[in-house]
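Visitor: Please find one structure pasted underneath; my questions will follow.
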Amino acid sequence: MTQLGTGQATKPAARTLPDAQTVTEVRHWTDKLFSFRCTRPTSLRFRSGEFVMLGLMDERGKPLLRAYSIASPNWDDELEFYSIKVPDGPLTSRLQHIQPGDQIILRPKPVGTLVHDALLPGKRLWMLATGTGVAPFASLIRDPETYDKFETVILMHTCREQAELEYGRELVENLRDDPLIGEMVADRLLYYPTTTRENSPQMGRVTDNLSSGKVFTDLGIDGPMDPASDRAMICGSLAFNIDVKAILEGWGLREGANSEPREFVVEKAFVGDGV
Ligand code: FAD
Ligand code: A2P
């Protein structure tokens, strides 16, 4: 039996399996969050914002796969992912222990709705996320196409505590010095991180900061969203997605899809218990 994953990979044998990729870097951000990079299949083409199925072999030698947003942009030679650690989660209880050199399984069939193709042209692009829902936006804010298509890009990311914002915060900071995209991003990427259960410079739920108009005031931009020029992408828990969608629809924006581009698109960051 061939096993993939920490402490059990017989690497030469694993390489012969289809869809095996090698982990190149792992970073732990909190006790519940980590990110990792791996090799990219030469055949994999994807649109920034899409997700793939990835995972490890289970004890019986069967692939145990879960949906993961690709957090790296489509020009990157490697792939990056940002992951939760669910203590008893079938996949992440093991995936959180991967190390550089380990192998994971990755099905190279990207899909998803958080893509430019599913939005009508506009001037401002809003990216609204909670928790690991920031992952598709980590890809999109690094894609030059985002800045070709929109004059202003606004990333709102909310977590309970500051440490959970760190992956996104570091990414945005580094982006401003990036030789490829730094100049493009400069003052056109507005970053609005907030916490809800720990004091921090900016606080509050995305929904409250949109409804009250606080985010527009804080960023010094016009509000509310205008269906003629504002476009949005939403990625969080089911409850978050439903509540944000209601606010945007109240402002006259309509949900779009790959087959019917409109003013906003939604994707679940995870499938919750019993949902
Ligand atoms: P599971 O049995 O899958 O989940 C157990 C429980 O843990 C769930 O019922 C839920 O309550 C909770 N949970 C699962 N995932 C999360 C999460 N991300 N945040 C908060 N609570 C969660 N997960 C990522 O970490 N990063 C991603 O980029 C990512 N992209 C996804 C894209 C899509 C379209 C979907 C549908 C899911 C995505 N997920 C992502 C969730 C992922 O597919 C798995 O659920 C997660 O890796 C946990 O797997 P598991 O087998 O350990 O636990
Ligand atoms: P809050 O702390 O007020 O519940 P979680 O860790 O539970 O997945 O939540 C991640 C973040 O998303 C938290 O800051 C949480 O705020 C926020 N959140 C959860 N549900 C909603 C919702 N329906 N609308 C807006 N924000 C939400």
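Visitor: Kindly provide the set of residues from segment 176-216 that are assigned to a helix (DSSP H, G or I) and either exposed (fewer than 14 other Cβ atoms within 10 Å of the Cβ) or touching a Leu at 6+ places or on another chain (Cβ under 7 Å) (or both), ordered by number. First the steps, then the outcome.
Guide: Within segment 176-216, the subset assigned to a helix (DSSP H, G or I) is 176, 182-185, 206-211, 214-216.
Within segment 176-216, Gly182, Glu183, Val185, Val206 meet the criteria.
Visitor: Could you please let me know if Leu125 is crowded, with 22+ Cβ neighbours inside 10 Å, within 13 Å of ligand 1 (Cβ to nearest atom) and within 25 Å of Tyr191 (Cα to Cα)?
Guide: Numbers: crowded, with 22+ Cβ neighbours inside 10 Å: yes; within 13 Å of ligand 1 (Cβ to nearest atom): no; within 25 Å of Tyr191 (Cα to Cα): yes.
So Leu125 does not fit the description; no.
Visitor: Which fully enclosed strands (runs of 3 or more DSSP E) of segment 61-140 have 2 or more residues being assigned by TED's automatic domain parsing to the domain that holds Arg37, touching a residue at least 24 places away in the same chain (Cβ under 8 Å) and within 16 Å of ligand 2 (Cβ to nearest atom)? I'd like the intermediate steps shown before the answer.
Guide: Details: elements: 63-69, 78-84, 103-111, 124-130.
Once the strands (runs of 3 or more DSSP E) in segment 61-140 are filtered for at least 2 residues that are assigned by TED's automatic domain parsing to the domain that holds Arg37, touching a residue at least 24 places away in the same chain (Cβ under 8 Å) and within 16 Å of ligand 2 (Cβ to nearest atom), what remains is 78-84.
Visitor: What about Gly49, is it away from ligand 2 (no atom under 16 Å from the Cβ) and not in a strand (DSSP E or B)? Reasoning before the result, please.
Guide: On the way: away from ligand 2 (no atom under 16 Å from the Cβ): yes; not in a strand (DSSP E or B): yes.
Yes.
Visitor: If we scan segment 217-240, do we find a residue that is open to solvent by 30 Å² or more (accessible area, probe 1.4 Å), in contact (Cβ under 8 Å) with a residue 60 or more places away in the chain and touching a Ser or Thr at 6+ places or on another chain (Cβ under 8 Å)?
Guide: yes
The values are calculated or read from the model by the stated rules, or taken from the named source; none is laboratory data. What you see is a predicted model; the values in this text were computed from it and never measured. Cβ: placed from backbone, ideal geometry, glycine included. Neighbour counts: every protein chain shown. Protein only, heavy atoms only, side chains kept; ligands, DNA and RNA dropped before computing areas. Shrake-Rupley method; radii C 1.70, N 1.55, O 1.52, S 1.80 Å.
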